[in-house]
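K.L.:
Below are the structure tokens for one structure; questions will follow.
The values are calculated or read from the model by the stated rules, or taken from the named source; none is laboratory data. Just so it is clear, the model here is predicted, and its values are computed rather than measured. Cβ atoms come from the backbone with ideal geometry, glycine included; neighbour counts cover every protein chain shown.
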């Protein structure tokens, strides 16, 4: 547990997700009361020193470091976000835990279920806080729907249908990076399906089986970049191309332990759908829906109103819903919030766990992250088996 006087934080990875984590820790000290320990913004680490220095300067961190081992060895760092390529998570997380650092690891937890098992064992042996960054758990609207479902407002859940559609890989000039390597299950399923599965299980409980899986790779080769890449955008090319090893799009069905059924669609080549997360959940007494493109609201239908005027009702997220009160400078219905705010709420919850402060829902632990990878592994197995039903291992 960190000193209740202050908590020193660092971020490993200065790319797209790393910047979000770096900004989130800066915001965290302003959220949900001022009785928390001081947050010290210590370091940003990346093998691209210029990029690390830029992120550190932008968000007020004391220094830039050349690699994760420097953060592990730093005595002024208590808690670390790991926001790097999936295949790097296991080594970094193991080293940070061994050095006594609390860890918030970006989803998916690892590049494979075997790596996730090893990381979970290391985390549980360490006694430290080891959390997974499922940031949509911090959406005020999704959290409000989860509470309404848990309170029985829509009755017993019958069906979930969800999608996470992106368009970042539709451009053939997008370079061949780690995102396009690793085999079936490591593409759109790992990047987007990991979030969608977690949202579904937050609403409907654990998945026990999947089936009907189909995957497709639209662009089978991509240009080899001339140097380091960041995010999803174009980069300088070498003039050569290399094979894409994983899926651009996938669909599958799922069975929940409760008996509810689900259908899932993920794509990184969905034209005109930047960050297109959405879902509908249907119960015996109502339904609810959410669309990330309208993140400050959700819809709900219940049996209460008289039939002549009943139907889905639009609800604007406001101070009566999770995270808004004391989580926004202007805490009013319809004032609006963004994905960056969700990262701030996640960072605050993680730091509270580190300091032993209760109140906010805790971040997902490594067992949950390992289970999520187990679901994706089952989907990949179903796809390789022509859509066969595959049982998901229990947590």
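K.L.:
When both residues are 6+ apart or on different chains and their Cβ atoms are under 6 Å apart, which pairs have a first residue that lies in the stretch 161-178 and is closer than 16 Å to residue 218 by Cα, and a second that is at pLDDT below 90 and surrounded by fewer than 17 Cβ atoms within 10 Å (Cβ to Cβ)?
P.N.:
Listed by first residue and then by second, the contacts come to 173/234.
K.L.:
Taking the stretch 32-43 as the search range and keeping residues that are modelled with pLDDT of 95 or more and touching a helix residue (DSSP H, G or I) at 6+ places or on another chain (Cβ under 9 Å), which one is nearest to residue 347 (Cα to Cα)?
P.N.:
39
K.L.:
Is it the case that some residue within the stretch 248-257 is in contact with a helix residue (DSSP H, G or I) (Cβ under 6 Å, 6 or more places away or on another chain), modelled with pLDDT of 95 or more, more than 28 Å from residue 170 (Cβ to Cβ) and not in a loop (DSSP other than H, G, I, E, B)?
P.N.:
yes
K.L.:
For the stretch 16-43, which residues satisfy the criterion of being crowded, with 20+ Cβ neighbours inside 10 Å and over 20 Å from residue 356 (Cα atoms)?
P.N.:
17, 18, 19, 20, 21, 22, 42, 43
K.L.:
Something else: Just to verify a result, which residue in the stretch 44-64, among those that are in contact with a helix residue (DSSP H, G or I) (Cβ under 6 Å, 6 or more places away or on another chain) and in a strand (DSSP E or B), is surrounded by the fewest Cβ atoms within 10 Å (Cβ to Cβ)?
P.N.:
It comes out as 64.
K.L.:
Mind listing whichever residues of the stretch 1-26 are at pLDDT below 95, in contact with a helix residue (DSSP H, G or I) (Cβ under 7 Å, 6 or more places away or on another chain) and assigned to a helix (DSSP H, G or I)?
P.N.:
Within the stretch 1-26, no residue meets the criteria.
K.L.:
Out of the residues in the stretch 160-194 that are surrounded by fewer than 17 Cβ atoms within 10 Å (Cβ to Cβ) and touching a helix residue (DSSP H, G or I) at 6+ places or on another chain (Cβ under 9 Å), which is farthest from residue 249 (Cα to Cα)?
P.N.:
178
Residues checked against (1) farther than 29 Å from residue 19 by Cα; (2) assigned by TED's automatic domain parsing to the domain that holds residue 157; (3) within 18 Å of the chain's Cα centre (by Cα):
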site: 188; (1), (2), (3): no, yes, yes
site: 191; (1), (2), (3): no, yes, yes
site: 198; (1), (2), (3): no, yes, yes
site: 202; (1), (2), (3): no, yes, yes
site: 228; (1), (2), (3): no, yes, no
site: 237; (1), (2), (3): no, yes, no
site: 253; (1), (2), (3): yes, yes, no
site: 261; (1), (2), (3): yes, yes, no
site: 285; (1), (2), (3): yes, yes, no
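K.L.:
Sticking with this structure for a sec: Please specify each residue of the stretch 328-360 satisfying the condition of being within 29 Å of residue 127 (Cα to Cα) and surrounded by fewer than 14 Cβ atoms within 10 Å (Cβ to Cβ).
P.N.:
Matches in the stretch 328-360: 356, 358, 359.
K.L.:
Restricting to the stretch 124-151, name every residue that is within 23 Å of residue 285 (Cβ to Cβ) and touching a residue at least 12 places away in the same chain (Cβ under 8 Å).
P.N.:
Across the stretch 124-151, the qualifying residues are 141, 142, 143, 144, 145, 146, 147, 148, 149.
K.L.:
Test residue 90 against the stated conditions and say whether it is outside any strand (DSSP E or B), within 22 Å of residue 367 (Cα to Cα), assigned by TED's automatic domain parsing to the domain that holds residue 325 and touching a residue at least 24 places away in the same chain (Cβ under 8 Å).
P.N.:
No: the conditions fail for residue 90.
K.L.:
Right, next: Does residue 67 satisfy the criteria of being more than 20 Å from residue 41 (Cα to Cα), modelled with pLDDT of 95 or more, surrounded by fewer than 19 Cβ atoms within 10 Å (Cβ to Cβ) and assigned by TED's automatic domain parsing to the domain that holds residue 24?
P.N.:
Criteria not met by residue 67.
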